[in-house]
Amino acid sequence: MLRIRRNVTPAPSTEAPERPGPLAVGQPSTETPASAEVSKEEVLRLAQRRRELAELKLQLHRQLLERIDLTKFEKDSPDQRAQIRKVLVDLVGRDNRVMDSRLRDRLVSEVLDETFGLGPLEEILSDPTVTDILVNGPRQVYVERKGQLTLTNVTFRDNDHLLQIIDRIVSSVGRRIDETCPMVDARLADGSRVNAIIPPLAIDGPAVSIRRFGVSPIKIEDLISYGSIIPEMVHFCAAAVRAKMNILIVGGTGSGKTTLLNTLSSFIPENERVVTIEDAAELQLQQTHVVRLETRPPNIEGRGEITARELVRNSLRMRPDRIIVGEVRGGEALDMLQAMNTGHEGSMTTIHANTTRDAIARLETMVGMAGLDLPNRAIRQQFASAINLIIQVQRLTGGPRRVVRIAEVLGMEGETITMQDLFLYEQVGLDQQHRAVGRFVATGIRSRYIERMISMGLDISPSMFERRVLRSDVPGENNNGRH
């Protein structure tokens, strides 16, 4: 049985990693034992160096425990952390084996990370360019930068070491993980979303997925500079939010749905009351009048669970002007559609789906999970009357994320929900770095809600919908595209 001890400070181990690599932490590893460029002697030398460093950290940690009772220290206190660092610097300075100043700094930092932070993950988490961290057992850690996954040389001592770090994450938000509850969703202090799964479900050791969300939320100007969306699209979406249109954001995993939802929420007027509902709180609304709600998993006895559906129902009693559901995944889809149909205009949510049509089919399935035997036509009618705008985001070949479609829901024709595309991103190929390139275009179809927007005093011109290429990131076509 897996046993996780809480509030235990892991001590460095003398066990050497199985895969030697560069001593710098957090950078892509290019050296492996099988590399033709690394001799057997070099591999052995690196392994021996790591064993020596591990032994130094072990001794340093023991000496620290002899001097100070760490249970009386708060990890979030800068003054106390500085005091611990001062003690560690003194201890390292007394060891004649550590002559290099950079190595001394590294030893101090790594022992501090093990004592108060998330161990080997700390240096990766301090890198603002990392958007995802994927831990596949103690020996394999990948990171994503600019849409590209790379293998790092970060390792954990063993499964128990990784389990201690996972437990430190989940216990900080009042959750637990063990053999009886081997899966958990949590979040870090900066809002990053964490999913962890451990044996016996994870066969090769504990697995952790961290989706980064920076302290400073991404703004719409950032998305424009990244080339994810263009000003013309932003202008229309901002008008749609202010005109209280109900918006569904559609996309696959890692396509940028939550980021777009965050940025669009910035256009909600300050005088409105917003209620957000999430499984793991990650939305970062900038308005002052926001009530954040988060689901709760069952306890060890299987009791106490609070679902998204219950929170959506409860939010209707909280006098919201708008309801934002981070992602619909189950029966709450029905309650969300009903809320949109009963006066809570301007609400927004996201859904995992590859296309707008797939999103409709998935919502039909989710409504069925509410336990009501509704015919498909009735569900589609609810959808057609509730959702005004569908925005599709996609992660394209090579990593770039784009808003690839902005479509309006027109209504029902027979058994089919009809839509019209207003703006599209048309991929035309790949560049020399094998990244997708294409063009943002206006389809020539004018929004059916333009009169509604104008009547609310919004600056929206019919000319913005004229058919044309708005922006291209195809090399050589023009200089406006961003890539």
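The values are calculated or read from the model by the stated rules, or taken from the named source; none is laboratory data. Worth saying up front: this structure is predicted, and the values here are computed from it rather than measured. Here the Cβ is made from the backbone with ideal geometry for all residues, glycine too, and neighbour counts use every protein chain on show. Just so you know, the surface numbers come from the protein's heavy atoms only, side chains and all, with ligands and any DNA or RNA stripped out. Shrake-Rupley method; radii C 1.70, N 1.55, O 1.52, S 1.80 Å.
Within the option set Ala238, Ala333, Ala243, Ala281, being open to solvent by less than 50 Å² (accessible area, probe 1.4 Å) and under 21 Å from the mean Cα position of the chain (by Cα) holds for one residue only, Ala281. Does the range 299-321 include one or more residues that are part of a strand (DSSP E or B) and either modelled with pLDDT under 90 or crowded, with 17+ Cβ neighbours inside 10 Å (or both)? No. Residues in the range 266-277 that are free of Cβ contacts under 8 Å to residues at least 60 places away in the same chain and either open to solvent by less than 10 Å² (accessible area, probe 1.4 Å) or in contact with a helix residue (DSSP H, G or I) (Cβ under 8 Å, 6 or more places away or on another chain) (or both): Ser266, Phe267, Pro269, Val274, Val275, Thr276, Ile277. Candidates in the range 340-359 are the residues that are at pLDDT 90 or above and over 21 Å from the mean Cα position of the chain (by Cα); of these, the one that is nearest to Ile387 (Cα to Cα) is Met340.
Within the range 436-476, the set of residues being part of a helix (DSSP H, G or I) and surrounded by 12 or more Cβ atoms within 10 Å (Cβ to Cβ) comprises Ile450, Arg452, Met453, Ile454, Met464, Phe465. Comparison of Val141, Val208, Val130 shows that the only residue that is aliphatic (A, V, I, L, M) and farther than 25 Å from Arg435 by Cβ is Val208.
Within the range 364-377, the set of residues being open to solvent by less than 50 Å² (accessible area, probe 1.4 Å), assigned to a helix (DSSP H, G or I) and at pLDDT below 90 comprises Glu364, Val367, Gly368. Taken over the range 333-363, residues that are part of a loop (DSSP other than H, G, I, E, B), of a type in the set (Val, Ile, Thr) and closer than 15 Å to Ser315 by Cβ amount to 1. Close contacts from the range 218-239, counting a first residue that is at pLDDT 95 or above and a second that is among the aromatic types (Phe, Trp, Tyr) and not in a helix (DSSP H, G or I), with Cβ to Cβ under 6 Å and a gap of 6+ residues or different chains, come to Ile230/Phe440; Met233/Phe423; Ala238/Phe267.
Listed conditions (1) of a type in the set (Asp, Glu); (2) open to solvent by 30 Å² or more (accessible area, probe 1.4 Å); (3) over 27 Å from Ile210 (Cβ atoms); (4) not in a helix (DSSP H, G or I) are all met by Glu327, apart from (3). When Leu389 is tested against (1) of a type outside the set (Ser, Thr, Tyr); (2) closer than 20 Å to Arg242 by Cβ; (3) touching a strand residue (DSSP E or B) at 6+ places or on another chain (Cβ under 9 Å); (4) open to solvent by 10 Å² or more (accessible area, probe 1.4 Å), just one condition goes unmet, and that condition is (4).
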